[in-house]
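For reference, the structure discussed in these notes is given below.
Please treat every number below as a calculation from the coordinates, not as lab data. Keep in mind that this is a model prediction, so the values were computed, not measured. Neighbour counts run over all protein chains shown; Cβ positions are idealised from the backbone, glycine included.
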């Protein structure tokens, strides 16, 4: 404060200083107001109007006072207007007077600048004089001679006494004064007068004023003073604005003055109707209502809305500390009673209470402040009665005011209540502001306990009736899930608790348990009602229970709250059982299955007939994999409630999981018959039909589920699986794309889509989905395993192995991942690692046909054929009609030389699945083992159609052509692959050498043989000996045969064709004794003889037979034995074919071979 040295401050200045010292809070609002002075008016961030709003007692006037002080400190010229004014003219008079006081005092208005507006003051004096004259004239008319013109034509009545006005003239005169705002206390209520009378009275008074005032300016000064006064005000305001940095106009209690000031202020600031307003003017309005959006809505960019709420606890404590109130118990009591309302905090702190008993309840004064402007006692009583319900609509309003007002007045009073500043709309309901409602409740509870209790019972009965209506037709199990029913029940419980009704508290505690049966949120809402009812009714036991339950919810969720109720809630047996069952459900959802089962055990001990407990324990056991125990519980639940849809549905699901599809089908069929609107049951039924390969029925059920619930992601994904099984990949993809739209953050959906693309053969595309799934859930086991398989399909086996390793790391018992990892190991050459994975998988699922099959395949790859056969025999028992199993077993039996059994398995495999390409390859080999060369070529052709041509195809085709005497065709087949023929590089050296020999290409035959010697000297020498034998004769080849014999005898591991080679060597060296011994040994195992081996031996001996220098007499009979054995093999299996076929092998080249 600036003052002359030695001058004592005035009383007003001291009061202002003390008020400022006690001001706390509102720092953000004050900062925004202060910073506005730092922005020039031209800055777009500068604001010209601040509107402070809030309920009575929230501190609007205090904040305005502080804002004015800030403006003063910035050198502003300020004026303050409140509800004491009754018109625009009055407000202008106050502003001029304020400018006069502040402008002439140092420290206000910038050091003496400003002052009263002389021209405005002169006009205001004239306005008051002319208005007085007009009022006097109008009032004189009320007591003057009878106005004959006031009588309507044809009107009759008794004669009036001289000087007595007629009723008509009094009405017209009063209406004129009211319409022009000249009747004291009526100007703002002109709307209550009949509009016709207003118009007639205003016209009458205007005519009278025109006669009385000869100067038209005087008439306007009375009739529309703001039109005359405002331009003068703006002119003088502009002159003042040139001498000060800012001018700030404060309009407090704006809810009272806005009816006549708001339109004028809006015109003043946003139009040039009265002239131009200086740009350095800032207006501050403060009232209980918000901006009039219809009037100010287009100008929001230059205004600031300043809503005020009650003090935060920190702000309230700051105010109390400033008053010396620091005892914690006292502070807590003040906070409770005041609700943070600044005026109440300040009032309670004024006497500096030292104990809780010193703190008085300010509710009466608070209520008086809230209803300050309402004088009608009925309306006051309505406002108080409507504080009892927590939320209001027209029906609740009518129930609350029954007995307070006439029934006919209810609609009008409801409309009035909606307009109160402390009543706001929340959705379609009305709600009192908490700081207003709390003292109203305390006032009524303390003043009239019986009225309080009775009105709450009255409201509870109303809510109970509405609740009963809302529950009509609802499933009793789902009442707490119905929002309307739940809200009505909570309101009913609240009013019963507030009424002090006996039994209300136990009933409310039972409601917490019952609500928990639906979900935790409903139970929490019940606990909240206990807290609120305890506070509003001053019922410590009720509030204590609510607080205890809230703490239990925060610390242990719904199970924790139920534990509190079970420990000390005095629940009856049935409610205790229900509480245990709900705890069991929550623990199951939390993944603690053993604890969940324990809770269900306690529930059934308390009430053995509680179906919910039997069902819940069954569900938990199902999730634990204890399927038999789950079915036992479900059978018990079914016996108690044979029509319970949930029991039938879960039992069907358990049966489906265990593979008892027929039983599952029966349960789920009945479930959908009983509850045809349950999408979940239809989806489960569709899954069962799918498992039974009843795809049409599966699609029908899943379609039904999705018609009921189009956004049912699980059902749509399952339908996609059915489409996938039917190879309708486009339809499956459409379903999964929709799932991705419905659940874009679901890793499961992304993984399902990846699986579809992978199975569709689009492994590369599937990787994006797997990546997305893993990105959403890094430890998603299935996604890692599936991505690994996709990478395996792309031959990216190192990456595949990393993904599958991760899957097994996350779940060491994941059989699917173990089996597919074995395939990757196999592709990388790690057969032993592959077998280790399959051993682990078998230990986890010893009777799984797929696992046994994959293990047999690895054993087959390891040449452990007998073990493979044992696994396949088990698999065949599990899956007797599995084409893949039969094909693999046929291949194993072929290698065990059990050709007849091999043929049976492979023939059945092809019958079951003609498109199983892999089966045609071993069947071709079996056909060759039986001498069926044409059938073998057919199998090879089918294999090529499905898989394409590869080296095996070319070699096998060439061999058959060679056996059938078609060397040119054989050579053509071999020459299609350059890797197989240049100088013998490749795998088909035997076939290529033989084709060259049979076509007389001796040089090439030698090159092929010499190249083979680098890889396998024994075999290469034997081919070279045959080439030399055919080209140059027996003598030339003899050294080669000797060298071949020498190397072969030195080999520790003789090759499979050992006997064949030694027969050929001994015959070429004319060692007939050894030749006969070897031949006898080779032909001994008649059942194991392979037609192709005998055909090769016969062909090689034929070359020797026709070589120059050969001993044909000795060799001929031995060749004949081989040919006979070869043909015997073919004949041995002739019964397996429908009709005898001509011999496909070539006849001997010369008749001598038959000797």
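Quick notes
- Which of 405, 739 has the fewest Cβ neighbours within 10 Å, and the rest in rising order: 405, 739
- Full-extension gain in nm, residue 628 to residue 1013, via 0.36 nm per residue minus C-alpha separation: 131.9 nm
- Likely footprinting exposure, 122, 1045, fewest C-beta neighbours within 10 Å first: 122, 1045
- Least to most buried among 451, 466, 545 (fewest other Cβ within 10 Å first): 451, 466, 545
- Separation between Cα centres of the stretch 1017-1039 and the stretch 821-883, rounded to whole Å: 45 Å
- Computed from the Cβ-Cβ distance with R0 of 30 Å, the FRET efficiency linking residue 1077 to residue 1134 stands at 0.45.
- Gain on full stretching of the segment that runs from residue 700 to residue 907 - 0.36 nm per residue minus C-alpha separation: 70.9 nm
- Our note on the geometry: Cα centres of the stretch 582-620 and the stretch 707-777, 35 Å apart.
- Estimated FRET transfer efficiency (residue 639, residue 598; beta-carbon r; R0 30 Å; 0.05): 0.80
- Length gained when the stretch residue 1042-residue 406 is fully extended (0.36 nm per residue, less Cα-Cα span): 215.7 nm
- With both labels modelled 7 Å from their Cα along Cα-to-Cβ, the residue 73 to residue 32 distance reads 1.9 nm.
- Note on the stretch 621-668 and the stretch 399-443: Cα centroid distance 54 Å, given to the nearest whole angstrom.
- Calculated FRET value between residue 573 and residue 547, using beta carbons and R₀ = 30 Å, to 0.05: 0.65
- Here the label points at residue 426 and residue 836, each 7 Å from Cα along the C-beta direction, are separated by 6.5 nm in the simple model.
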